[in-house]
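Everything on this sheet refers to the single structure shown next.
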Amino acid sequence: MIKFFLMVNKQGQTRLSRYYEHVEINKRTMLETEVIKNCLSRSKDECSFMEYKDFKLVYRQYAALFIVVGIDQTENEMAVYELIHNFVEVLDKYFSRVSELDVSFSVSEIHLS
């Protein structure tokens with residue numbers, strides 16, 4: 001099961017976050033900081049899956065954006081890895097070359113509606 005979905009820039013700023021389990025706001029901030037630090041510190045030669053606390057992280061980098069998904073131990077990492085790619089393809093089709101600015105704009109539009 002997917003626990004959370006994050007979209008982060010190279011500076012470590014969260015651009016989009018969605019949680020599928022209840023996590024208190026102050027714990028979300030700490031969780032995001034630790035997860036982002038772990039993903040950004042890895043080299044491109046390292047695997048895009050890692051164990052973190054009681055769940056796994058699956059991430060992909062697209063230009064200046066990192067997409068990180070937290071999953072439980074029973075979830076298939078490759079399926080989530082492909083899910084991330086499909087999500088980015090949909091964004092790319094919709095925005096015709098998605099960028100960090102597009103994501104920030106679309107998130108603010110969703111919250112305003």
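The values are calculated or read from the model by the stated rules, or taken from the named source; none is laboratory data. Nothing here was measured: the structure is a model prediction, and the numbers come from that model. Surface areas here come from the heavy atoms of the whole protein model, side chains and all, with no ligands, DNA or RNA. Shrake-Rupley method; radii C 1.70, N 1.55, O 1.52, S 1.80 Å.
Here are some notes:
- Heavy-atom accessible area, probed at 1.4 angstrom with all protein chains present, ranks 96, 43, 48 as 96, 43, 48, highest first.
- Heavy-atom SASA rank of 23, 90 (probe 1.4 Å, accessible area, largest first): 90, 23
- Over segment 19-76: Kirkwood hydrodynamic radius from C-alpha pairwise inverse distances, Å: 12.3
- Cα-Cα over 24 Å, subset of 3/93; 3/37; 27/53: 3/93
- Using θ = phi - 60° and Karplus 6.51 cos²θ - 1.76 cosθ + 1.60, couplings along segment 28-45 (whole Hz; Gly, Pro as x): 4, 4, 5, 4, 4, 4, 5, 5, 4, 4, 5, 6, 5, 7, 7, 7, 5, 7
- The value of relative contact order for segment 2-107, using C-alpha pairs under 8 Å at least six residues apart, is 29 percent.
- Square roots of 5 times each gyration tensor eigenvalue, C-alpha, segment 2-107, largest first, Å: 20, 16, 14
- Computed in the context of the full set of protein chains, the accessible area of segment 1-82 at 1.4 Å probe radius has 51% of its extent on carbon or sulfur.
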